[in-house]
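Below: one structure, written as structure tokens.
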Amino acid sequence: MEKKLKPCPFCTENGAHIQRVGGSYFVRCLFCGVTTRFFTDEQEAIDAWNRRAGR
Ligand SMILES: [Zn+2]
């Protein structure tokens, strides 16, 4: 599984970063602030972001 994050689907910048809060992970765009929801698994957060970004 790739850990690569696709560019942001909203602002198209490469600002996506994985954020960890306690035992939860989410992906956030540093440019426009859009986030995924929280996931307990890092890879699920990445996949959720990439599904949203993938068009
Ligand atoms: Zn963005």
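The HN-Hα couplings worked out from phi for segment 12-26 by the Karplus form 6.51 cos²θ - 1.76 cosθ + 1.60 (θ = phi - 60°) are 6, 7, 8, x, 6, 9, 7, 10, 10, 10, x, x, 10, 10, 8 Hz, whole numbers, x standing for Gly and Pro. With axes computed from alpha carbons, what is the tilt in degrees of helix 42-53 against the longest principal axis of the chain, rounded to the nearest 10 within 0 to 90? The angle comes out near 20 degrees. Around the Cα centre of the chain, unit charges on the Cβ atoms of Lys, Arg, Asp and Glu (plus for the first two, minus for the last two) sum to a dipole of about 160 debye. By the Stokes-Einstein formula, at 1.567 mPa s and 4 °C, the chain with its Kirkwood radius over alpha-carbon pairs has D equal to 120 µm²/s. Under a 5 Å amide H cut-off, with hydrogens placed 1.01 Å from N, ALA16 pairs with CYS8, LEU30 among residues at least 5 apart or on other chains. Helix-derived [θ] at 222 nm for the chain: sum -39500 (n - 2.57) over DSSP H runs of at least 4, divide by residue count, nearest 500? Taking each H run of at least 4 residues, the total per residue is -7000 deg cm²/dmol. When you filter the GluC sites (Glu not before Pro) in the chain for DSSP loop state and at most 14 other Cβ atoms inside 10 Å of their Cβ, you are left with GLU2, GLU13.
We did not get these values from a lab; they are worked out from the coordinates using the rules stated. Fair warning: this is a prediction, and the values are worked out from it, not measured in the lab. Ideal geometry is used to build each Cβ from the backbone, glycine not excepted, and the neighbour counts take in all protein chains shown.
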